[in-house]
Amino acid sequence: MSIDGIGKPPPVPPADPSSAAGVQGRKTESFAIGEPVAPTASSSVSAGLEALRRGELSLDQYLSQRVDLAVGHLTSKLAPAELDFVKQSLRDQLETDPVLVELVQRTTAGLSVKSG
């Protein structure tokens, strides 16, 4: 004994001929490349890392810069107190989470880092 419809794909609705004509008659826009965009966050990251390598930033300053960059998109969405809480939470994680501590050590390995 079988139950009707179990194990079968759902029925395909019939095609609407008017929708196909609308697609064919639609005009398309041409593709164009716009002006170059401003540097991305990744270039800011490498600039900060280079400043750390040159000794212009301490490790603490570098990590603060990275946290600011990470929460930059939240400045207009959170109250200042909430934003400070998020920043402090991130800094705490960078200092206590073993995975993040190792990542920071790998990223900054071999650098002459000023204490700060």
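The values are calculated or read from the model by the stated rules, or taken from the named source; none is laboratory data. Keep in mind it's a predicted model, so treat the numbers as computed, not measured. Glycine gets a Cβ as well: all are built from the backbone with ideal geometry, and neighbour counts include every protein chain shown. These area figures cover heavy atoms from the full protein model, side chains too; ligands, DNA and RNA do not enter into them. Shrake-Rupley method; radii C 1.70, N 1.55, O 1.52, S 1.80 Å.
Summary of computed values
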| item | result |
| --- | --- |
| Test for Ser76: is it surrounded by 14 or more Cβ atoms within 10 Å (Cβ to Cβ) and not β-branched (Val, Ile, Thr) | no |
| Some residue of the range 49-59 being part of a helix (DSSP H, G or I), more than 14 Å from Val104 (Cα to Cα), open to solvent by 30 Å² or more (accessible area, probe 1.4 Å) and not basic (Lys, Arg) | yes |
